[in-house]
Amino acid sequence: MLKVYALIIIVGILGGVAYGAKYYYDTTQATIATLRENNAQLEVAVQISEASMQVLQENMQKFQELNNQLQQDLQAAEAYGDELQGKLNRMDLVQDALRDAKTLEGKMNGATAKLWRGITEDTGGDGSRPLPDWLQSDSPSGTRDQSGNQIGEDPSTNSEQTQASSAQ
């Protein structure tokens, strides 16, 4: 009987070892499968992040080009503003207004109409929209052409008469 008990104990120990080995194998295979799935997800995440970095670098280059263009446009606008400031400094608007207010009004309305059309075109319009009511009224001194300047008048806002009269 002792041999039977020893055999049962040995079979039990071998069964426990076999069960432990099977359990270890199963858990190891499950862990490997989980790690394989995580690795695949990480590879996809790395590919997405690399693609995102590439898009970001391309966008950065585009933004830099656009920024350079905006800087050039700003410099051109500042130069134009300086030019206008110079013209305004050379003109004596108070004396012109006192001497011939109606002509000055026509020139100012013409310049404003031209500016209004330019703003309309710059914001997506075609410049054919009618001007605001406050720019469409005819002055009592005469009619205006399409640009808003009085007919027969110099369309520029820098009149030679103004410079000559302010020097007198």
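The helices (runs of 4 or more DSSP H) found entirely in region 74-168 that carry 3 or more residues being modelled with pLDDT of 80 or more are 101-122.
I'd like the full set of residues that are in contact (Cβ under 8 Å) with a residue 60 or more places away in the chain and farther than 26 Å from D122 by Cβ, limited to region 55-90. Once the filter is applied, which keeps residues that are in contact (Cβ under 8 Å) with a residue 60 or more places away in the chain and farther than 26 Å from D122 by Cβ, region 55-90 yields only R90.
The values are calculated or read from the model by the stated rules, or taken from the named source; none is laboratory data. In this text the structure is predicted, and so the values were computed from the model without any measurement. Please note: Cβ atoms are built from the backbone with ideal geometry, for glycine as well, and neighbour counts cover all protein chains shown.
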